Amino acid sequence: MTKSGVPTAGRVTKEWAAEFPGFDAWKSLRLLRRIGPVVQGICLDRTTGGDGYLPTAHVHALTREFPVVSLMLGQRLARPSGTPDPVLFARHERDFAHAVGALREQSRLPLDEPPSIDAIVREYHAEARRRLEKGHGAAVPEMEDSVLVAAAAGRDELAGEGLRLARELTAAWPTSSMPFDRPGAEEWLDGLAARAGDRESLRAVVRGQATGHKLGSVRDHLPPDGVRHDRLA
C-alpha cells in the first residue's frame, strides 16, 4: 500500500493470486498456470492512463514460436452493456471482490479448476465459429492453435476434428480476410496437418517456449481428462 492508500501492483497481484490459488504469479499483474502445451492466465492489464487495471482471462498456446504470452480467447471483465469494466487502483479495496466474482462468471473457461485440453480446444473451435458468424474474418491463429495443442497433447482424434473444421471454415471465410495469397488455403491446410503429425517437433517447440517465457515457476496441472500433460516437458 502506498502512502496515498492506493495499493501497489504487487499487492494487487498477490490478492488476485490468493483468490485463484491454482494460478501462480508469473509477473507483476500476470497470473498463469500451465496445462501441458498451453497456459491459462489472468492478466490484470493496466488501463491507458495507468490508474487502474482491466482483468482479462485468456489462454496462450506454447506450440508456436511467439515472443510474448498472448491473450488468445481473451475475455475482458465487462459491464452488462458489454463495455470493459476496469478496476481503479484507488477503488481496488471496494471493487476487488466484485471483479473477482464477475470474472469467474464471465470467463469462457473455468478459473477455479484447470480446464481439460478438450475444453480448451473446443473453445478455440467455438471462437472460430463465432468470428465467422459475426463477420470478423478468418480465425487462422485460433484454428492453428486448436489443432497443434491437441496434437502436442497426444489427442490425435481431437486434432483431426480441428483439421476437419478448419477445412470447413476455409470454404466459408471471406476471401478478402484470408492470409492465403502465399500459400493458398490448401497449402495452409496441408502444412497444418504436417505440423500436427510431427509430435516430437511440436513438443520441442513447447519446451523451447516454456524456457523462453521463463515458465519454470508456473505449475503444470493434471487436467480433469486424466492425461498427464506435465510429461510433455
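The values are calculated or read from the model by the stated rules, or taken from the named source; none is laboratory data. As the structure is a computational prediction, the values presented were derived from the model and not from experiment. A quick note on method: Cβ atoms are made from the backbone with ideal geometry, for glycine too, and the neighbour counts reach across all protein chains shown. These area figures cover heavy atoms from the full protein model, side chains too; ligands, DNA and RNA do not enter into them. Shrake-Rupley method; radii C 1.70, N 1.55, O 1.52, S 1.80 Å.
Here is how the numbers come out for the structure above:
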| read-out | value |
| --- | --- |
| Residue satisfying condition, being open to solvent by 10 Å² or more (accessible area, probe 1.4 Å), over 26 Å from residue 152 (Cβ atoms) and part of a loop (DSSP other than H, G, I, E, B), within set 22, 50 | 50 |
| Residues (open to solvent by less than 10 Å² (accessible area, probe 1.4 Å), more than 12 Å from the chain's Cα centre (by Cα) and modelled with pLDDT of 95 or more) located in region 118-141 | 125, 128 |
| Criterion (touching a residue at least 40 places away in the same chain (Cβ under 8 Å), touching a His at 6+ places or on another chain (Cβ under 6 Å) and open to solvent by less than 60 Å² (accessible area, probe 1.4 Å)) met by exactly one of 35, 42 | 35 |
| Positions within region 25-38 being farther than 16 Å from residue 220 by Cβ and assigned to a loop (DSSP other than H, G, I, E, B), in sequence order | 28, 29 |
| Residue in region 58-73 that is modelled with pLDDT of 95 or more, open to solvent by 80 Å² or more (accessible area, probe 1.4 Å) and part of a helix (DSSP H, G or I) present | no |
| Helices (runs of 4 or more DSSP H) wholly inside region 142-233 that include at least 1 residues being under 30 Å from residue 17 (Cα atoms), at pLDDT 95 or above and open to solvent by 60 Å² or more (accessible area, probe 1.4 Å) | 199-212 |
| Unmet requirement for residue 108, which otherwise passes all of (1) of a type in the set (Lys, Arg); (2) open to solvent by 60 Å² or more (accessible area, probe 1.4 Å); (3) in a helix (DSSP H, G or I) | (3) |
| Test: residue 13 is in contact with a Cys (Cβ under 7 Å, 6 or more places away or on another chain) and either buried (at least 22 other Cβ atoms within 10 Å of the Cβ) or modelled with pLDDT of 95 or more (or both) | no |
| Sole exception among (1) at pLDDT below 95; (2) not in a helix (DSSP H, G or I) for residue 93, by number | (2) |
| Which numbered condition residue 14 fails, given (1) of a type outside the set (Val, Ile, Thr); (2) over 16 Å from residue 206 (Cβ atoms); (3) touching a residue at least 60 places away in the same chain (Cβ under 8 Å) | (3) |
| Members of region 74-90 that are part of a loop (DSSP other than H, G, I, E, B) and among the aliphatic types (A, V, I, L, M) | 77 |
